[in-house]
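Contents: one structure, followed by commentary.
The values are calculated or read from the model by the stated rules, or taken from the named source; none is laboratory data. Bear in mind that the values here come from a model prediction, so they are computed numbers and not experimental data. Every residue, glycine among them, receives a Cβ derived from its backbone with ideal geometry; neighbour counts consider all protein chains shown. The protein model used for the area step is the full one, side chains on, heavy atoms only, and it has no ligands, DNA or RNA in it. Shrake-Rupley method; radii C 1.70, N 1.55, O 1.52, S 1.80 Å.
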Amino acid sequence: MTQQTRSLQPGAGAALGMSTFAFTACFAVWTIFSIIGVQIKQELGLSESQFGLLVGTPILTGSLIRVVLGVWTDQYGGRLVNLLVMLAGAAATFALSYAETYPQFLLAALGVGIAGGSFAVGVAYVSKFYPKEKQGTALGIFGAGNVGSAVTKFGAPFVMLAFGWETVAQVWAVALALIALLFYVTTKDDPELVRRRQTGEKPQATWLQLSPLKKLQVWRFSLYYFFVFGAFVALALWLPRYLVGVYGLDIKTAGMIAAAYSIPGSLFRIFGGWLSDRIGARKVMYITFGVSLVCTFLLSYPATSYVVDGIRGPIEFRIATDLLTFTVIAFVLGFAMSLGKAAVFKHIPVYYPEHIGSVGGLVGMIGGLGGFVLPIAFGVLNDLTGVWTSCFMLLFLLVGTALAWMHFAIRRMEQKAAPQLGGLPELPEMAGMQPAAGAAKTRPPTKPRLRAAE
């Protein structure tokens, strides 16, 4: 039974629903330092760079293990692998509550990050239950588990202020363990694993699973995900600290406003998957990068005071983004990123149906590494420049690079598919200025249609 099967497989609804629920819990644990890290920073007297490293360390673990977990999911099934991932993450999160020194926190954070690996497991597991024409929507629904970040931002501040950050870690750990067991008992093994057990077929060797990773296209998809997911995670971790520092908010209010970014960046991923199935992932990526370019440019402009030498003397005025405007732009940015996250993973089952685990694992790993590298970079930029908006300046450069690479890659694909297009004028009104060369009576070729996912 392959990805070409056009009907839903038995147990598809439970697999999708419970995988999404489980991933939501994992993501809530994975981003736990976005809230408790603020108090830990105060208790330990950490610098901005040290704080960035602390909140990013779980993202490092959850990213690096995604390729391996994706391959294991293809080989041993998503039910078992996800159960082990969630239980390991729960144990590490509970142990976090006993950390006292900065090195101990970093070590515990590495273990907490295991929970983030559940994404690669879920993508490979869920996709095996759905035909290609519905995988965009299905994976969009699954990816909406990113809303777990908002769960932490809403709930953790109240628990932390009432009982301490240690209680947050313990409650989140117990909840993750219980949800892991619930996931395992309410789902079925994927149809590919069932078929192999019935026929006695051995799973594909690991080196064959990893063979597509040599293609540049896979790494291009990874850069897309580095922004749409990595930057999403980085901002989900960084925004509470940013809002406290820039606008002087308390941690509860900062967590609530940061959720205005996290929620659309998660839930609208469902719409992004549906839209990718309807109009193609390439068009969705153009929308994502275009809107994100505008949003990051606006947010990168630092609060600035000006003095203009006027006719009657100096004229002073100030340009700054107030809290309401910031929240609105952050909401739009989160919405655009949500579309892109779904669109990137629409490509993978179409181009690599037999290697969803490994390719999805690599793309997820690079994206997750963005969530590790970027918070550290944000902290370093703050220390070096002393400008709060430097984080958005970095994101503006990142999304601009991704947009340029995507556009020129698509143009090369078009020219390769139809070389005759190279002889056409750039502008229709220049057609009469081109040499005929016997082609005047020939109808101009139409623009080739690329694969729907690209």
(request) Test Ala259 against the criterion of being more than 18 Å from Gly367 (Cα to Cα), within 19 Å of the chain's Cα centre (by Cα) and assigned to a helix (DSSP H, G or I), and give yes or no. (result) yes
(message) Condition first: under 30 Å from Ile410 (Cα atoms) and open to solvent by less than 70 Å² (accessible area, probe 1.4 Å). Now tell me which residues in the range 316-338 satisfy that.
(response) Ile329, Ala330, Val332, Leu333, Gly334, Phe335, Ala336, Met337, Ser338
(request) Can you work out which of the residues in the range 18-46 that are of a type in the set (S, T, N, Q) and at pLDDT 85 or above is farthest from Gly368 (Cα to Cα)? (result) Gln42
(message) Pairs needed: first member in the range 384-397, open to solvent by 70 Å² or more (accessible area, probe 1.4 Å); second member anywhere, hydroxyl-bearing (Ser, Thr, Tyr); C-beta distance under 6 Å; at least 6 residues apart or different chains.
(response) Met393/Ser300
(request) Please specify each residue of the range 212-260 satisfying the condition of being among the aromatic types (Phe, Trp, Tyr), within 15 Å of Met337 (Cβ to Cβ) and open to solvent by 10 Å² or more (accessible area, probe 1.4 Å). (result) Phe226
(request) Report the residue count in the range 162-195 for those that are touching a helix residue (DSSP H, G or I) at 6+ places or on another chain (Cβ under 7 Å) and assigned to a helix (DSSP H, G or I). (result) 16
(request) Identify the single condition in (1) closer than 20 Å to Gln217 by Cα; (2) outside any helix (DSSP H, G or I); (3) modelled with pLDDT of 80 or more that Gly367 does not satisfy, given that it satisfies every other one. (result) (2)
(request) Taking the residues in the range 314-357 that are in a strand (DSSP E or B) and either within 26 Å of Val218 (Cβ to Cβ) or hydrophobic (A, V, I, L, M, F, W, C) (or both) as candidates, determine which candidate is modelled with the highest pLDDT. (result) Ile315
(message) Considering only residues that are in a helix (DSSP H, G or I) and at pLDDT 80 or above, which ones fall in the range 128-139?
(response) Thr137, Ala138, Leu139
(message) Can you tell me which residue is farthest from Gly368 (Cα to Cα) among those in the range 93-107 that are open to solvent by 20 Å² or more (accessible area, probe 1.4 Å) and of a type in the set (A, V, I, L, M)?
(response) Ala95
(request) Select from the range 294-315 the residues that are open to solvent by less than 50 Å² (accessible area, probe 1.4 Å) and touching a helix residue (DSSP H, G or I) at 6+ places or on another chain (Cβ under 9 Å) and list them in ascending order. (result) Cys295, Thr296, Leu299, Ser300, Pro302
(request) Output the residues belonging to the range 73-90 that are open to solvent by less than 60 Å² (accessible area, probe 1.4 Å) and not β-branched (Val, Ile, Thr). (result) Asp74, Gln75, Gly77, Gly78, Arg79, Asn82, Leu83, Met86, Ala88, Gly89, Ala90
(request) Take the residues in the range 48-59 that are open to solvent by 20 Å² or more (accessible area, probe 1.4 Å) and modelled with pLDDT of 85 or more, then tell me which one is farthest from the chain's Cα centre (by Cα). (result) Gln50
(message) Condition check: crowded, with 17+ Cβ neighbours inside 10 Å and more than 29 Å from Ile270 (Cβ to Cβ). Does Leu69 satisfy that?
(response) no
(message) Being among the aromatic types (Phe, Trp, Tyr), in a helix (DSSP H, G or I) and surrounded by fewer than 21 Cβ atoms within 10 Å (Cβ to Cβ): is that true of Phe27 here?
(response) no
(request) Quick one: Thr152 ticks every box in (1) more than 24 Å from Ala231 (Cα to Cα); (2) modelled with pLDDT of 85 or more except a single one, so which number is it? (result) (1)
(request) Return only the number of the condition from (1) modelled with pLDDT under 75; (2) open to solvent by 50 Å² or more (accessible area, probe 1.4 Å) that Val380 does not satisfy. (result) (1)
